[in-house]
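These notes are about the structure you will find just below.
The values are calculated or read from the model by the stated rules, or taken from the named source; none is laboratory data. Owing to the predicted nature of the structure, the values given are computational and were not obtained by experimental measurement. As a convention, Cβ positions derive from the backbone with ideal geometry for all residues, glycine included, and neighbour counts pool all protein chains shown. When the accessible area is computed, the model is the full protein with side chains, heavy atoms only, and any ligands, DNA or RNA have been set aside. Shrake-Rupley method; radii C 1.70, N 1.55, O 1.52, S 1.80 Å.
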Amino acid sequence: MGRPDLDHHDEAERLHQVLRTSHEELAATESGTTAYRSQRAEVFAATTQLLDFEARIPVLIDEQRRRISSRVVYVGGAAALTAMLVMGGLVVDGRFSRWYLVPVIVVCLLAGVITLSEPRAQRLGHRSRAVSALIMVAGAALVVVAVLRVVSAIWLMALLPLLVAALACWLHDGTEAEDRK
């Protein structure tokens, strides 16, 4: 993810080629003429266009990373919500103790809030929100294995730190990480 996308590389190469061509045409033009001044203006324009594009590359790369983080949030949130809805259905059906509805509802609500808030989220903090969604998946997995009695219900106490960590990551805006770049 740290390298520019192939499209960014291709566009930079194209702009480099335009600049090289303009330089070659400038070198072939007699200095001091109107054609020379016109060609020199084209070289400056090509240089400015290349520099402007290269200055935008980090923003384009970060936008690509933000799209990936958003996908992680949506997929992780959907996985956690689906697991909790299935477990909630099994609990309501009477297959498991009704006490399990408490962690199911809490995880379901937090996963829903994290997932549904993503479309309105700011650009900053996208990595933290992705981590938050992954923590919610871990929390949902913990609830599932506890409800299915793979592990003791006492392990549900570990859900509280997971939920706090997910909430803290979700609320973190990531400005410190952006400032270090």
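Structural remarks
- Residues that are open to solvent by 50 Å² or more (accessible area, probe 1.4 Å) and of a type in the set (D, E, K, R) occur at least once in segment 136-149.
- Identity of the residue in segment 163-174, open to solvent by 50 Å² or more (accessible area, probe 1.4 Å) and part of a helix (DSSP H, G or I), that ends up farthest from TYR100 (Cα to Cα): LEU171
- Those residues of segment 91-105 which are farther than 18 Å from ALA78 by Cβ and open to solvent by 60 Å² or more (accessible area, probe 1.4 Å), in sequence order: VAL92, ASP93, ARG95, ARG98, TRP99, VAL102
- Annotation: of all residues in segment 38-90 being among the charged types (D, E, K, R) and open to solvent by 60 Å² or more (accessible area, probe 1.4 Å), the one that is modelled with the lowest pLDDT is GLU63.
- Condition check for ALA130: open to solvent by 40 Å² or more (accessible area, probe 1.4 Å), closer than 30 Å to GLU63 by Cβ and touching a residue at least 24 places away in the same chain (Cβ under 8 Å): no
- Those residues of segment 114-123 which are open to solvent by 50 Å² or more (accessible area, probe 1.4 Å) and either aromatic (Phe, Trp, Tyr) or not in a helix (DSSP H, G or I) (or both), in sequence order: GLN122, ARG123
- Checking the stated criteria, GLU30 turns out not to satisfy the condition of being open to solvent by 60 Å² or more (accessible area, probe 1.4 Å) and either in contact (Cβ under 8 Å) with a residue 12 or more places away in the chain or in a helix (DSSP H, G or I) (or both).
- Within segment 80-95, residues that are touching a residue at least 24 places away in the same chain (Cβ under 8 Å) have Cβ atoms under 8 Å from residues that are open to solvent by 80 Å² or more (accessible area, probe 1.4 Å) and outside any helix (DSSP H, G or I) in no pair, counting only partners at least 6 apart in sequence or on another chain.
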